[in-house]
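The values are calculated or read from the model by the stated rules, or taken from the named source; none is laboratory data. Quick caveat: nothing in here was measured; it's all calculated off a predicted structure. Here the Cβ is made from the backbone with ideal geometry for all residues, glycine too, and neighbour counts use every protein chain on show. SASA here: full protein model, heavy atoms, side chains in, ligands and nucleic acids out. Shrake-Rupley method; radii C 1.70, N 1.55, O 1.52, S 1.80 Å.
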Amino acid sequence: MIPGGHHPWIFRPVFSNEEYLAQLLTEAGIVSEDDVAQARLELSGRETLIERLLAHGSLTQEAVADVLAVNSGIPHVNLDSVTFAPGITESVPEDVARRYHVVPVEDDGYALTLAVADPLDFEVLDSLPHVLGRELNLVCATHKSIQVALKQFYGIDAAGSSAGDLGIVSETDDQGGDDAPIIKLVFNLLADAFRLRASDIHIEPLETSVRIRYRMDGKLVEVANHPKKLLPAIIARLKVMSTTMSIAEKRLPQDGRIQLKMGGDKEIDLRVSSVPSNHGESIVMRILDKSALVLGLPQLGFFSDDQETFERMITLPDGIILVTGPTGSGKTTTLYACLNVINRPDKKIITVEDPVEYELAGINQVMVKADIGMTFAAALRAMLRQAPNIVMIGEIRDAETANIAINASLTGHLVFSTLHTNDAPGSVARLADIGVKRFLIASAVRAVIAQRLVRKLCPVCKAPAELSLKELRALNLDAGRMQDASIFGPVGCEKCRGGGHKGRMGIFEVFEVDDEVRHMINAELTTVQLRKRARELGMRSLREDGIRKVLAGLTSAQEVIHATMSDFD
């Protein structure tokens, strides 16, 4: 029994974050640290920390609601003094009111005011607008007053109580008895990621919770934290949506794809990967933004001089064009943009990819399936029998693929591919290391573009700034180059979610292989020697291209310094 002589299940307050609430109560001086420590020692069975503090008599539900309201920035309302409008219960179905432990207070036709007992339960607060399909205003009330109002509005259910009366989600719902909230939660998760132009969604099981993070402009941002008990339902829903993943298989990694429409003609295309971890299955979804396919070279970040060189290279009749950089540096997007520029009815273009990320109109795309023998090399051999003009290889990984690509370029095909090297001249040594003879490299390679991605300054809130002495030294800038510069720095506004950056752009190192460079490749010069000579012939380093974009006010100095830490210069 608890104070007042009630059965424990009738007015039992259960909160989503008991420890944090106890800390708030301590900081407010309502309970002492000794009270909390003693309550922990006395816990038994299913009793919660807050329930034990209430049993001591030093804490009241009104005090709890006051603290929660202040820290959540919402009003504390005494439901006993509220005059409810006739028919207010029609705003919230009984099952929703009981499940989420909420009571409708006022409906002005535009926004619905709901009383909640636990404004720290973000899972509930995130789900309710989508479950009800309404704009919501929240107020805080005590558990007891909400339960009295639930009984007044809806009566006592068949079991004499409900999961809503306990302030928790029912076990039936946990096991999928009613999938609607989970369906809405998952849909909202995908829709928000698309709206915020995130590139990845990470669903990560932790010890006691499920963390949701979006990768936006290259940075992971935590956007939600849900109770651990929701993980199986979330994973199952995503696997059902992917159509190629098994709900029953939880021990092995799986891959799938989700395609859905939202908001009319807008399409979301996601590549899904699940991996078992020590706390459950982890899901990462890559959002494939088809708008990137129609980007021109200027939108990728090319300045006019590098763009002119690159456009000249990609319209050659044969040879190899390589794009290099680490994972996540935008190599695939650059290749797709190239294909978009040269895709014409009189050209036959075939790609071999692992996997096919985007479907390109007018282009034949082949997906690698190594488990059945369809490797890059096997697919490339088959492609060449299709008489293409242009071939794109997702990545050159081994000697067999590299040599077939080289031979294809020497027999009249224009070949695009990617390679993992830190800089553009280093691609020569990389190809030689995997078994391509240097005279073939010199004959076949037309250009190598190394690239990195930097975040663009938000055009709405960026403000004039001065570079620090440390930044000037790192970028090797002197007073002469600063005279006509337009230096800006990040500020933060609603449009960029307070981060000061919006979108990304490339910084590039364009290494053109001309007759002199071919001679140096044949002479087996080292990467350092090749790089030095290429610089003498006019090649800009990654950092130098980034500096141009800092001086033009497009990005910040710190972005360029961070992205080019491995730059030789």
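So here's what we get for this one:
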{"read-out": "Top-ranked residue in region 67-91 [being crowded, with 16+ Cβ neighbours inside 10 Å and of a type in the set (Ser, Thr, Tyr); ranked as farthest from Leu150 (Cα to Cα)]", "value": "Ser72"}
{"read-out": "Search result, residues across region 39-55 that are of a type outside the set (Asp, Glu) and either outside any helix (DSSP H, G or I) or open to solvent by less than 70 Å² (accessible area, probe 1.4 Å) (or both)", "value": "Ala39, Leu43, Ser44, Gly45, Arg46, Thr48, Leu49, Ile50, Arg52, Leu53, Leu54, Ala55"}
{"read-out": "Some residue of region 471-485 being surrounded by 13 or more Cβ atoms within 10 Å (Cβ to Cβ), in contact (Cβ under 8 Å) with a residue 12 or more places away in the chain, closer than 30 Å to Asp433 by Cα and out of contact with any His (no Cβ under 8 Å at 6 or more places or on another chain)", "value": "no"}
{"read-out": "Residue within region 515-522 that is under 19 Å from Arg533 (Cβ atoms), buried (at least 19 other Cβ atoms within 10 Å of the Cβ) and acidic (Asp, Glu) present", "value": "no"}
{"read-out": "Answer residue from region 115-137, given it is under 22 Å from Ala191 (Cβ atoms) and part of a strand (DSSP E or B) and is least open to solvent (accessible area, probe 1.4 Å) among those", "value": "Leu136"}
{"read-out": "Number of the condition not met by Arg504 [criteria: (1) without any contact (Cβ under 8 Å) to a residue 40 or more places away in the chain; (2) open to solvent by 70 Å² or more (accessible area, probe 1.4 Å)]", "value": "(1)"}
{"read-out": "Single residue of region 92-114 satisfying the filter (open to solvent by 10 Å² or more (accessible area, probe 1.4 Å) and in a strand (DSSP E or B)) that is farthest from Ser145 (Cα to Cα)", "value": "Asp107"}
{"read-out": "Residue count for region 309-329, restricted to those that are under 22 Å from Thr555 (Cα atoms) and surrounded by fewer than 22 Cβ atoms within 10 Å (Cβ to Cβ)", "value": "4"}
{"read-out": "Enumerated helices (runs of 4 or more DSSP H) restricted to region 488-569, each holding at least 2 residues that are hydrophobic (A, V, I, L, M, F, W, C) and more than 30 Å from Val223 (Cβ to Cβ)", "value": "515-522, 527-536, 542-551"}
{"read-out": "Those strands (runs of 3 or more DSSP E) lying entirely in region 308-397 with at least 2 residues free of Cβ contacts under 8 Å to residues at least 24 places away in the same chain", "value": "364-367"}
{"read-out": "One residue from Val528, Val491 being β-branched (Val, Ile, Thr), open to solvent by 80 Å² or more (accessible area, probe 1.4 Å) and more than 23 Å from Gly325 (Cα to Cα)", "value": "Val491"}
{"read-out": "Verdict on Met285 being over 30 Å from Ala378 (Cα atoms) and either modelled with pLDDT under 90 or surrounded by 15 or more Cβ atoms within 10 Å (Cβ to Cβ) (or both)", "value": "no"}
{"read-out": "Failed item, numbered, when Ala424 is tested on (1) open to solvent by 10 Å² or more (accessible area, probe 1.4 Å); (2) of a type outside the set (Val, Ile, Thr); (3) in a loop (DSSP other than H, G, I, E, B)", "value": "(1)"}
{"read-out": "Test: residue in region 448-462 that is more than 28 Å from Ile547 (Cα to Cα) and buried (at least 17 other Cβ atoms within 10 Å of the Cβ)", "value": "no"}
{"read-out": "Subset of region 223-238 (residues that are assigned to a strand (DSSP E or B) and without any contact (Cβ under 8 Å) to a residue 60 or more places away in the chain)", "value": "Val223"}
{"read-out": "Residues (within 21 Å of the chain's Cα centre (by Cα) and surrounded by fewer than 14 Cβ atoms within 10 Å (Cβ to Cβ)) located in region 222-271", "value": "Glu222, Pro253, Asp255, Gln259, Lys261, Met262, Gly263, Lys266, Glu267"}
